[in-house]
Amino acid sequence: MDWTWLLLLLCPLMMIFMMKGMHGTHGKHEHQTEKEILELKKENQRLSQELEHLRKNTR
């Protein structure tokens with residue numbers, strides 16, 4: 001039996017399944033990244049306030 005045709009047909013099918021799988025997890029990663037950005041913004045604001053407080057107390 002000639003397996004080359006099977007391999008040629010299998011490659012596009014595998015690519016479709018892999019792309020579908022990657023697309024499904026992409027949304028979850030974006031949500032996690034947005035959450036991390038919000039946490040970093042809050043931390044940055046807190047540190048900026050602390051820095052300003054320290055500057056006022058050292059003058």
Residues that are open to solvent by less than 90 Å² (accessible area, probe 1.4 Å) and modelled with pLDDT of 80 or more, drawn from the range 14-33: THR33
Within the range 34-54, count every residue that is modelled with pLDDT under 90 and basic (Lys, Arg). 1
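The values are calculated or read from the model by the stated rules, or taken from the named source; none is laboratory data. Fair warning: this is a prediction, and the values are worked out from it, not measured in the lab. These accessible areas exclude ligands, DNA and RNA; they are computed on the full protein's heavy atoms, side chains included. Shrake-Rupley method; radii C 1.70, N 1.55, O 1.52, S 1.80 Å.
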